[in-house]
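Notes follow the structure.
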Ligand code: PTT
Ligand code: SF4
């Protein structure tokens, strides 16, 4: 095997409580790089079509890439993936954690879990010593407690990944957590872990990660770190991280407010980056191998969680603050802390609470169903009580725990108008009434409505919001390929590039030093195109077909205009969106219904997909 990859995949059969190591095929490494690419290839090859995501037959995959764990900028990330119980399609998340570095140092590129243990277990990896251990004592505990317990037992430097009560209770919005403030797997990957009775994974590695040219790699890494430190904006980034986006989003009328009814929020300055810096911030935290740490540690000043420390990000504040009408940062932070403790997605939680609040406001949901909780905009206490019911699956919390589509089924078709999701993944914190390109990014994201693959909004603000031009989908596809196709496959943090302008050319040099292979950006786009096409094929197979309606963002953005702020009166046009979608499919080499064409599949060396897709759709 070349350097960069360890060449080994750890297989864990939880039903039989057996583990073994399998070789990573060099072809798979070169065709897919790692991370998301490995995950979708394994799911495509090994999952029986139509597998129930919460059954033992689903696979849970933790995957790194050829850059992960190396002494290069922001290389401490890991992809967690599975067939999603929330969307029924491909799902993944990206988590910054020591576990990523430790896994590579233990000598594995990925772990694939299959089956289900008959009682709670954890996996403990110490290089070649891999044990499935009893974890009954950990079951029922929150992610902070588990982190402390496992660090004290296996060492402060151990890589720990764990689920909280949300994952145990199979809440479809459950994530996997690490180090009290890192979380990944928005499409319910934490519930998949819970369904396998797998409470935690602890990893310690002591090997050198194989690389092609160590000297060159160290030199490049040192130069890269220096380059990042010298960037304009570095100091401000350290002060605010992603929290600077609150003020920007308000200015741009994209800050979600009141369940994405509006893009501006009166109390934005009380929950923004500046307020955080002045009043709440007490420290900084980051992922391994990062010299631009963005984890803002804050102290809750008032209320039942007073004195507790919590790590906050823009998305969390947008969704648990303005989108719920809450302008008291203490409640926003309390909800964020609770979400981290129990391991539920902050975006999903904020979105589903906002949906329920609007449903109650409009008379679709009564307090009889919520166990007496009266949901009102801005009422942090009520939101917290409902959040607890979701995690425990009590009363209407049981329905909310399943996601938007289940709520619409329960409360009636009319509620679809304000169900803010795409493919049942809740939209993250950018309102798109006045952003057709960003709406397209949500509509076509390969996991459902997430900005991970394309944070198109900032470019769109610069390009002109209302224009419907082919340039938008062209740039969107390029952006998806770099973010979702490269960073998710090489598995490194994308923020040095996005936030500070760290040049993309560094990465081809990093790959050369790590693997010895000369990847051009053209090659990397090819790998990205292949990954996107295979993810799309997986969705088609699992859904039993496809239509362009499945690539639509929420209908509210088309039907109900903004009523506040400088863009009041604006909404999306169906015609404009249809045009953008046509161009998008054309650029990707997909047909009018969003299915990759036969030729595209052949060009991407995905011939093996063709006979399978022919069972579900007409291939053009
Ligand atoms: C990510 C999504 C995001 S995107 C945020 S904040 W962001 C939310 N964070 C949550 C959280 O925290 N706790 C919780 N219980 N749920 C949460 N849900 C939300 O999940 C994150 C950073 C951030 S902060 C971003 S943008 C970048 N994301 C990257 C990515 O996706 N890929 C990549 N190669 N690099 C990235 N770098 C940045 O990492 P998901 P993290 Mg995350 C507490 O999980 O499922 O991908 O959704 O991982 O370690 O917390 O780092 O304004
Ligand atoms: Fe982690 Fe933030 Fe650094 Fe990225 S920039 S590696 S998310 S600390």
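The values are calculated or read from the model by the stated rules, or taken from the named source; none is laboratory data. Note that the structure is predicted; figures quoted are calculated from it, not measured. Neighbour counts are summed over all protein chains in view; Cβ atoms, including those assigned to glycine, are modelled from backbone coordinates with ideal geometry.
Tell me, which residue of region 325-364 that is on the phi > 0 side of the Ramachandran plot and surrounded by fewer than 23 Cβ atoms within 10 Å (Cβ to Cβ) is nearest to ligand 1 (Cβ to nearest atom)? I'd like the intermediate steps shown before the answer.
First pass over region 325-364, keeping only residues on the phi > 0 side of the Ramachandran plot: 325, 343, 363.
With the extra rule that they be surrounded by fewer than 23 Cβ atoms within 10 Å (Cβ to Cβ), the set shrinks to 325, 363.
Details: 325: 20, 363: 31 Å.
Among those that are on the phi > 0 side of the Ramachandran plot and surrounded by fewer than 23 Cβ atoms within 10 Å (Cβ to Cβ), it is 325.
Would you pick out the residues in region 567-620 that are within 26 Å of residue 556 (Cβ to Cβ) and part of a helix (DSSP H, G or I)?
Within region 567-620, 574, 575, 576, 577, 578, 579, 580, 581, 582, 583, 584, 585 qualify.
Would you call residue 502 modelled with pLDDT of 95 or more, more than 16 Å from ligand 1 (Cβ to nearest atom) and not in a helix (DSSP H, G or I)? Don't jump to the end; show me each part of the working.
Values: modelled with pLDDT of 95 or more: yes; more than 16 Å from ligand 1 (Cβ to nearest atom): no; not in a helix (DSSP H, G or I): yes.
Taking the combined requirement at face value, the residue does not satisfy it.
Kindly indicate the residue of region 242-258 that is outside any loop (DSSP other than H, G, I, E, B) and away from ligand 2 (no atom under 16 Å from the Cβ) and also surrounded by the fewest Cβ atoms within 10 Å (Cβ to Cβ) among those meeting that condition.
Filtering region 242-258 for residues outside any loop (DSSP other than H, G, I, E, B) gives 242-251, 257.
Those still in the list that are away from ligand 2 (no atom under 16 Å from the Cβ) too: 246-251, 257.
Working: 246: 27, 247: 17, 248: 16, 249: 26, 250: 20, 251: 14, 257: 27.
So the residue we want is 251.
Can you name every one of the strands (runs of 3 or more DSSP E) wholly within region 276-315 that holds 3 or more residues which are within 12 Å of ligand 2 (Cβ to nearest atom), at negative phi and in contact (Cβ under 8 Å) with a residue 60 or more places away in the chain?
Working: elements: 281-285, 295-299, 309-312.
Here the list is empty.
Suppose we keep only residues that are in a helix (DSSP H, G or I) and either out of contact with any helix residue (DSSP H, G or I) (no Cβ under 8 Å at 6 or more places or on another chain) or without any contact (Cβ under 8 Å) to a residue 40 or more places away in the chain (or both) within region 516-538. Which one would you say is nearest to residue 594 (Cα to Cα)? Give the derivation first.
Residues of region 516-538 that are in a helix (DSSP H, G or I), as a first pass: 521-538.
From what's left, either out of contact with any helix residue (DSSP H, G or I) (no Cβ under 8 Å at 6 or more places or on another chain) or without any contact (Cβ under 8 Å) to a residue 40 or more places away in the chain (or both): 521-523, 526, 536.
On the way: 521: 25, 522: 23, 523: 23, 526: 19, 536: 8 Å.
If we take residues in region 516-538 being in a helix (DSSP H, G or I) and either out of contact with any helix residue (DSSP H, G or I) (no Cβ under 8 Å at 6 or more places or on another chain) or without any contact (Cβ under 8 Å) to a residue 40 or more places away in the chain (or both), then 536 is nearest to residue 594 (Cα to Cα).
If a residue counts only when it is within 15 Å of ligand 1 (Cβ to nearest atom) and at pLDDT 95 or above, which strands (runs of 3 or more DSSP E) contained entirely in region 6-89 have at least 2 such residues?
On the way: elements: 8-13, 18-23, 60-63, 77-83.
Output list reads 60-63, 77-83.
Condition first: closer than 16 Å to residue 60 by Cα and in contact with a strand residue (DSSP E or B) (Cβ under 7 Å, 6 or more places away or on another chain). Can you find one or more residues in region 132-142 that meet it?
Pass one, region 132-142, residues closer than 16 Å to residue 60 by Cα: 132.
So of that shortlist, the ones also in contact with a strand residue (DSSP E or B) (Cβ under 7 Å, 6 or more places away or on another chain) come out as 132.
Looking for residues that are closer than 16 Å to residue 60 by Cα and in contact with a strand residue (DSSP E or B) (Cβ under 7 Å, 6 or more places away or on another chain), one finds at least one in region 132-142, hence yes.
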